[in-house]
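The values are calculated or read from the model by the stated rules, or taken from the named source; none is laboratory data. Owing to the predicted nature of the structure, the values given are computational and were not obtained by experimental measurement. Don't worry about glycine lacking a Cβ; one is built from the backbone with ideal geometry, like all the others, and counts go over all protein chains shown. Note: areas computed on protein heavy atoms with side chains; ligands, DNA, RNA excluded. Shrake-Rupley method; radii C 1.70, N 1.55, O 1.52, S 1.80 Å.
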Amino acid sequence: CAYPAVVYAFAPPKSSSAPVLISTYRPITTFGSGGNRPASSRQRVSVDRRQDVALFAAPAAKSNVVLAGKIAPILSKFALNGKMVSKIGAALKKQTSIVDLMFIAFIGWASQPVVRFVYEKFFEKWRKKDWEATYLHHTWKLSSEAARIASIVYVVDCLDITLTEMGITIAKMYNFGEITATVAYTVWAAKKVANWKQLYLKRAIRKSEGGNKQGRFFLFNRFGDIVLSIATILTIADRLHLSKSAAFGRFFALGSVGTLALSLAAKGIAEQFVGGLLLSTTDKFFEGDSILLGDGTSGKVIRLGWMSTDLRKSDETIVRIPNSQIANQRITNLSRTRLSQVSQTLRVKHTDAEKIPKLLTDIKKQVREDCPKLITDGSRPCRVHFKEFRDDHVEIGVDFRFRVPIIGDEYHQNKEACNLAIAKAMDKNKVQFALPTAFNYEVSLNDHGHLDRHEYGGPMESDDAEELDTKVET
């Protein structure tokens, strides 16, 4: 009878490429009464054994899977048992100290109230200075903020120790505590320098002579922000040795195609940046000003950025315009206009032509009484004139100037008072407005979906006019 072969295999570690040690045992097969096998049988068994060794001793082929069987080993590292918890606790106890935590907590949260109490109790009487105005307050405030950042770094250190003891590879490769401390303290220092820079610029520009102080502060402040940002990035990169990283080098090693693409992409950005720089240095407008652009766009400047400017229009919509487009247009700053104009064209009937001389005098007198800010010193026009005869009316031109800004409620109230004064003078002289015989209208949709009616053409015959009026009303 024949029994199956029993194979014992001892596999080496995964990293070893040595053949597998094989121990093969085959029971002896009996042939005939003597129990001796023929030579051919012994040869066949020898060949079978060599095949077994070749089959089991060959190293396993490399797997081509992406995730299969790779998630569980990672998750197993986060499985905590009693032994792992004891190991982590021993490592934390060895590398941390309760005295460190107490000192950081005292400096960060408890020291400032204590020092303030001592100052107000014993020193404020003869110093005659509030706590917030002393250099000791600002110095202790910096120390408190530095200690609070230190507490964050300490927590990250403890987390790094825990992950290292758990066998997390990335925790062994990088020092998270050092990275956190470098980034946090560098950014914190840059913010403090930025605050001191703003205070110094405000004080220096306030004492300096010349105009456009707000524009100069805007310019110098933004240049300072750019310098601080670059210095902060370079400092962090140097402290973390990013410049020596191969990935960092490959990021900046752009080829000719990348350089060309970057240059083309930066062209528009450079134009917008230069446009914003020109707008801030030429004192054309600032945030909060109402402006009118050459293309007809008007609104209040709610944000003046490096690349674009946001305008809030009269219908409360906000439009963002690139600075390169604004810099190439005429800009009217309505907020800096201190005078305003009210101009009207009055249509009077031909039958009232003889009343016009008295009407002109009364209009000017009535407007002067009802509008005290009317300019009458001769520096600005103050005109009410008989302009010309038309086919169906007589035209009277009205042109007044007022010491009222062109924007705001005051302007509209003054214009209303001027129009009412003209109406009073017309009623006083029993002069009636001449209504148009007829108009031709072009009706179209505007940008907001509303109907706009544009007048064009001249007067029409009365019959045609009545028919057109009916059509327009319909």
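Accessible surface comparison of Thr345, Thr232, probe 1.4 Å, protein chains only, largest first: the order is Thr345, Thr232. Ordered by solvent-accessible area of protein heavy atoms (1.4 Å probe), largest first, the residues Thr332, Thr186, Thr309 come out as Thr332, Thr186, Thr309. Ratio of Rg to Rh for region 141-238: 1.20 [Cα atoms; Kirkwood radius as inverse mean 1/r over pairs]. Checking every one of the trypsin sites (Lys or Arg not before Pro) in region 385-417 against DSSP loop status and a limit of 12 other Cβ atoms within 10 Å picks out no site at all.
FRET efficiency for Gln413 and Ile318, Cβ-Cβ distance as r, R0 = 22 Å, nearest 0.05? It comes out at approximately 0.20.
Accessible-area rank, largest first, for His385, His137: His385, His137, with all protein chains present and a 1.4 angstrom probe. Volume of the convex hull of region 74-168 (Cα atoms only), normalised per residue: 102 Å³.
Among the trypsin sites (Lys or Arg not before Pro) found in region 305-360, those both in a DSSP coil and sparsely packed, with 10 or fewer other Cβ atoms within 10 Å of their Cβ, are Arg330, Arg338. Using the Cβ-Cβ distance between Met173 and Lys87 with R0 set to 22 Å, the FRET efficiency works out to roughly 0.65.
Which lysines have a Cα less than 17 Å from the Cα of Lys365, not counting those fewer than 8 places away in the same chain? Candidates past the 8-residue exclusion: Lys355, Lys373, Lys415, Lys424, Lys428, Lys430. Here region 182-236 has 68 percent of its accessible surface on carbon and sulfur atoms, given a 1.4 Å probe and all protein chains in place.
Per residue, region 167-246 exposes an accessible area of 68 Å² to a 1.4 Å probe, with every protein chain left in place.
Considering only the Cα atoms of region 382-434, their convex hull presents on average a projected area of 4.5 nm². Label sites at Lys70 and Leu420, each approximated as a point 7 angstrom past Cα along Cα to Cβ, lie 8.2 nm apart. Between Asp130 and Asp225, the contour length at 0.36 nm per residue exceeds the Cα-Cα span by 31.0 nm. Per-residue SASA remark: Val183, around 60 Å² accessible (1.4 Å probe; ligands, DNA and RNA not included).
Taking all protein chains into account, the per residue accessible area for region 272-366 stands at 52 Å² (1.4 Å probe).
Charge tally around Gln341: other residues with Cβ under 15 Å, Lys/Arg +1 each, Asp/Glu -1 each, net +4. Here the accessible area is traced with a 1.4 Å probe on the protein chains. For region 372-427, carbon and sulfur cover 47 percent of it.
Based on the Cβ-Cβ distance from Val183 to Lys373, what FRET efficiency comes out when R0 is 56 Å, to the nearest 0.05? It comes to 0.40. Note on Ile179: accessible area is roughly 60 Å² with a 1.4 Å probe, heavy atoms of protein only. Solvent-accessible area of Glu271, all protein chains in place: 90 Å² (probe radius 1.4 Å, heavy atoms, ligands and nucleic acids excluded).
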